[in-house]
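J.: If you scroll down you'll find the structure; I have some questions about it.
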Amino acid sequence: QVQLVESGGGLVQAGGSLRLSCAASGSGFNIGVMGWYRQAPGKQRELVATITSDGRTNSADSVKGRFTISRDNAKNTVWLQMNSLKPEDTAVYYCTAKILNINVWGQGTQVTVSS
């Protein structure tokens, strides 16, 4: 059974940085697209950024130039480097990975940006 374990959330002041990590546990599987989504209170979950196994990335316009997604296929790990954080980035951030054509989700990690 594959699980995604996230870490790195927390409280930061506006303009600060955080780095989220997500590691897939287990072995013997290939991971397709990995990514990060977020959900703020009272809002729908939205895409933040994705990365394919060969390194192609896609990100929401609201985070372009501030957030960077990266991955290490050997470690089954994806990261989200978040710089120049804004209060509107406050949300629960969820890691996701496509494994055997199934979207697997992490438990989420809270990111709070104070003004």
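J.: If the requirement is being surrounded by 13 or more Cβ atoms within 10 Å (Cβ to Cβ), at pLDDT 95 or above and part of a loop (DSSP other than H, G, I, E, B), which of these qualifies: Val113, Val63? Reasoning before the result, please.
T.: Numbers: Val113 fails: part of a loop (DSSP other than H, G, I, E, B).
Exactly one residue qualifies, and that residue is Val63.
J.: Just need a number here: residues in segment 29-56 that are more than 17 Å from Lys86 (Cβ to Cβ) and either in contact with a helix residue (DSSP H, G or I) (Cβ under 7 Å, 6 or more places away or on another chain) or open to solvent by 90 Å² or more (accessible area, probe 1.4 Å) (or both).
T.: Residues meeting the conditions: 7.
J.: Continuing with the same structure: Quick one: would you say Ala74 is under 24 Å from Gly26 (Cα atoms) and free of Cβ contacts under 8 Å to residues at least 40 places away in the same chain?
T.: Details: under 24 Å from Gly26 (Cα atoms): yes; free of Cβ contacts under 8 Å to residues at least 40 places away in the same chain: yes.
Taking the combined requirement at face value, the residue satisfies it.
J.: Out of the residues in segment 78-91 that are surrounded by fewer than 18 Cβ atoms within 10 Å (Cβ to Cβ) and not basic (Lys, Arg), state the one that is nearest to the chain's Cα centre (by Cα).
T.: Filtering segment 78-91 for residues surrounded by fewer than 18 Cβ atoms within 10 Å (Cβ to Cβ) gives 81, 83-84, 86-88.
Right, trim to not basic (Lys, Arg) and you get 81, 83-84, 87-88.
Working: Gln81: 9, Asn83: 14, Ser84: 16, Pro87: 17, Glu88: 16 Å.
Within segment 78-91, the match that is nearest to the chain's Cα centre (by Cα) is Gln81.
J.: Of the conditions (1) surrounded by fewer than 13 Cβ atoms within 10 Å (Cβ to Cβ); (2) touching a residue at least 40 places away in the same chain (Cβ under 8 Å); (3) over 16 Å from the mean Cα position of the chain (by Cα), Gln107 clears all except one; give me its number.
T.: With (1) surrounded by fewer than 13 Cβ atoms within 10 Å (Cβ to Cβ); (2) touching a residue at least 40 places away in the same chain (Cβ under 8 Å); (3) over 16 Å from the mean Cα position of the chain (by Cα) applied to Gln107, the lone miss is (3).
The values are calculated or read from the model by the stated rules, or taken from the named source; none is laboratory data. The structure presented is a predicted model; accordingly, all values stated were derived computationally and were not measured. Note that we place each Cβ from the backbone using ideal geometry, even for glycine, and neighbour counts take in every protein chain shown. For accessibility, only protein heavy atoms count, side chains too; no ligands or nucleic acids. Shrake-Rupley method; radii C 1.70, N 1.55, O 1.52, S 1.80 Å.
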